[in-house]
1. Run the lone-cysteine check on the chain: no other Cys C-beta under 4.7 Å from the residue's C-beta.
2. Quick check for you: with a 1.4 Å probe and neighbouring chains kept, what is the accessible area per residue of the chain, in Å²?
3. With +1 on each Lys and Arg Cβ and -1 on each Asp and Glu Cβ, how big is the dipole of the chain about its Cα centre, in debye rounded to the nearest 20?
4. Give the percent of DSSP beta bridges with both residues in the range 1-122 that are antiparallel, rounded to the nearest 5.
5. Taking amide hydrogens as modeled 1.01 Å from N in the peptide plane, which residues meet the under 5 Å criterion relative to TYR83, leaving out close sequence neighbours?
6. Give the Kirkwood hydrodynamic radius (Å, one decimal) of the range 1-114, defined as one over the mean of 1/r across all pairs of different Cα atoms.
7. Run a plain Debye calculation on the chain (Cα atoms as equal point scatterers, no solvent) and give log10 I(q)/I(0) at q = 0.09, 0.10 Å⁻¹, rounded to two decimals, same order as the q list.
8. Roughly how many percent of the accessible protein surface of the chain is carbon and sulfur, given a 1.4 Å probe and a whole-percent answer?
Amino acid sequence: MAINFNKAEFVLSSVKAETFIRDGKPQVTFAGRSNVGKSSVINRLLGRKNFARVGATPGKTSQINYFSIDGKIYFTDLPGYGYAKVSNVERERWDDLINSYFEADRSVCLLVQLLDSRHAPSADDLQMLEYLHYHRIPFVAALTKGDKLKKSEMAACKEEFEKICAPYGCRAVVLTSAENGLGCDELRALLEASMAGE
Ligand code: GDP
């Protein structure tokens, strides 16, 4: 289904299951470590600046943000994980929120797992991949900050991540950059295909 990604509006932030959106429209859900570049990629996909908040205080965004795209789907932005300074209580809160999101929501048509292209996945990233695999959540990996790689490193980087992610059921790995738009057309095409149930 063709989606006009430029037609986006913020709907609401939710901190508890009671206010999750469950209206049956498909949701594309974005997950990743704090600072991985998740907000920047969302902004780039939507052709906007400062829409999803870039550079929000790490560990302080413990809410799920919903954006309506073209009235057809939601972009659902999960709070970033893996910020070293959060307390155990905050960590548990994150776990509870994410668990209740996936338990409640059967309309996730695709999850975009953001991973930093320059670093091996962290222990938290691997835990997230395991979670997605265990719960059979369909996902693709978007490698962020691809503009920081040399051209000559790109193919090997993508291959490396394909090897890491494949055992978890990852459907595709896309090298992206919010800086120069690398991979964003490919990612948009994957989102549209997932809505069509492909
Ligand atoms: P989030 O915490 O995952 O939402 O990450 P942000 O989108 O706030 O980005 C974290 C930092 O990385 C910010 O300083 C961004 O400017 C920077 N950043 C994000 N995406 C890119 C990118 O594609 N290229 C480069 N060079 N920097 C990026």
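1. Flagged as lacking a Cys partner: CYS109, CYS157, CYS184.
2. Each residue of the chain exposes 51 Å² on average to a 1.4 Å probe.
3. 500 debye
4. Expressed as a percentage, antiparallel bridges in the range 1-122 total about 50.
5. SER34
6. Its Kirkwood hydrodynamic radius stands at 14.3 Å.
7. Each listed q maps to, in turn, -0.30, -0.37.
8. Result for the chain: 49 percent of the exposed heavy-atom area is carbon or sulfur.
The values are calculated or read from the model by the stated rules, or taken from the named source; none is laboratory data. Just so you know, these numbers come straight off a predicted model, no measurement behind them. Cβ: placed from backbone, ideal geometry, glycine included. Neighbour counts: every protein chain shown. For the accessible areas, the whole protein counts, side chains as well, though only heavy atoms, and no ligand, DNA or RNA atoms are used. Shrake-Rupley method; radii C 1.70, N 1.55, O 1.52, S 1.80 Å.
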